[in-house]
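The next block holds one structure in the form of structure tokens; read it before the comments.
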Amino acid sequence: KPLSPDTLAGVNQLVLALGPIKDEMTSEDVDYKGVANIVNSFKEFVAPAKSETSRLFEFGWNSANGIDSWSPFGAAESDIAFVGGSMGWSGQVKTPIGGGFAGIKGSTEKLSLQNTDSLKMRIRGDGNRYKFMVTLKNGKRYQCPFDTAKGLTEDIELPLESFVPLVDETQNTVDYSAQSLVDVDKSQVESLGILASMYEFNSMVNPRGSPETFSLGITSIDAVVKPQPQIVLVSSAAVERNLRVDDAQRESEIPIVKLNPGGVLNWKYLGETVVRDSGLSYSIVRPCGLVSEEASGSKLELSQGDRIAGLISRREVAALTAAAVTTSRAEGKTFEARRCEAKDAVSPSATELSTLTTQFQSLVRDVDRYMYGLPMLPAPLEPASISMTSPASSASPSFIVYRDGKPVESAAAPAPSDTPSASSSSSPSFVVYRQGKAVVA
């Protein structure tokens, strides 16, 4: 049933990890209709989350934090000037003398990137490649390259996780032991800057070539806060794979896809579709085979495209879910999760928040899957739309034989007979299960 207003009053995020509480509840009742009831009720109380921006620097006609707060630095020649409602920065970088770069930087008394997920600039480019720089009050520097198109005005957005930490003593040597810019105290930002440089990182040359002459127009710089998931749904691995295979492929698939008891994979995927179509921000966690043991300390492997199988404990799934609900890096993403079984894949911090949120960073948003070679999400289908038996076995229902708790090959159900077999009085050597329940021998 839909949830009452009192239940959802003041709630702005949901974690859905549903399961049946009565034997007569079906997967359709819980994983599809139950999810739909909760999501549709929740939508009555919350608006879809959107990115929020706050202006850090405005170089327009009437700007409080404008061109006066910026200045050039570096040995190369460069100048800044007010040009047509923007800050124009131009100069030359001809030789490695003085570091082979030119830069500008700006600051204000209240400059802070607290809670910021990305930085966005409106620029007019010249075809050169630049680096944006964030400098902390302790002197630590982070840089992120960006390309421009000649003569084109565009918005450039730079996620904080894409900024590279540098060692203090040199201009472009990477500090591999430093914290990510995402994880530092971002209230301690001293200045923002832009570099035109002959070099990228670790003294490697600029891949777009040295900007011997450059001219960049900057209209504004904004801090962007991305939405966290409003709904985190715990679903299941194999729900997508189940819809992609045909009858011939199903026979060689993993057991859950081959059997799909009660159409559970179809109903779970339909529940996922309700969440994706809700208009609310979301994250969908698809654990592989669940076990009840304690977290093992093994690293967790996150994947997309429904191509992995394995095991994961319920405690590890709980840690993943708790991490997903706290970060924008999990928003709009569907992923599978399993425990890495390699002997050396042990990490005391495997389920810590910072470790898991870093793993979310490499995942692809569902709407961008086609850009990264991942299969597009299939259309949802109810179980009746998928044949669960091969043509050879469709004449009679099949069952699964279990010996010592392990499935043996499926077999056609025997035809009924009025004559008991000679061995019917002896104790059965195996137990027959239909739809997950033991049938009386």
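The values are calculated or read from the model by the stated rules, or taken from the named source; none is laboratory data. These numbers come from a predicted model, not from an experiment. Positions of Cβ are generated from backbone atoms using ideal geometry, with glycine treated the same way; all protein chains shown enter the neighbour counts. These area figures cover heavy atoms from the full protein model, side chains too; ligands, DNA and RNA do not enter into them. Shrake-Rupley method; radii C 1.70, N 1.55, O 1.52, S 1.80 Å.
With both partners inside the stretch 265-390, how many of the DSSP beta bridges are antiparallel, as a percent to the nearest 5?
Just about 40 percent of them are antiparallel.
Report note on the peptides 284-294, 146-156: ranked by the mean count of other C-beta atoms within 10 Å, highest first, their order is 284-294, 146-156.
Summing charges over all other residues whose Cβ lies under 15 Å from the Cβ of Arg55, with Lys and Arg as +1 and Asp and Glu as -1, gives -2.
Please report, as a whole percent, how much of the solvent-accessible surface of the stretch 1-146 comes from carbon and sulfur atoms (probe radius 1.4 Å).
Summing carbon and sulfur atoms, their accessible area is 48 percent of the total for the stretch 1-146.
The amide H of Val232, built 1.01 Å from its N in the peptide plane, has Leu14, Val15, Leu16, Ser283 as neighbours under 5 Å, considering only residues 5 or more places off or on other chains. Near the amide H of Gly127, within less than 5 Å, lie the amide hydrogens of Thr148, Ala149, Lys150, Gly151, all on another chain or at least 5 residues away, with H placed in the peptide plane.
Taking all Cα-Cα distances within the stretch 1-147, those exceeding 27 Å account for 50%.
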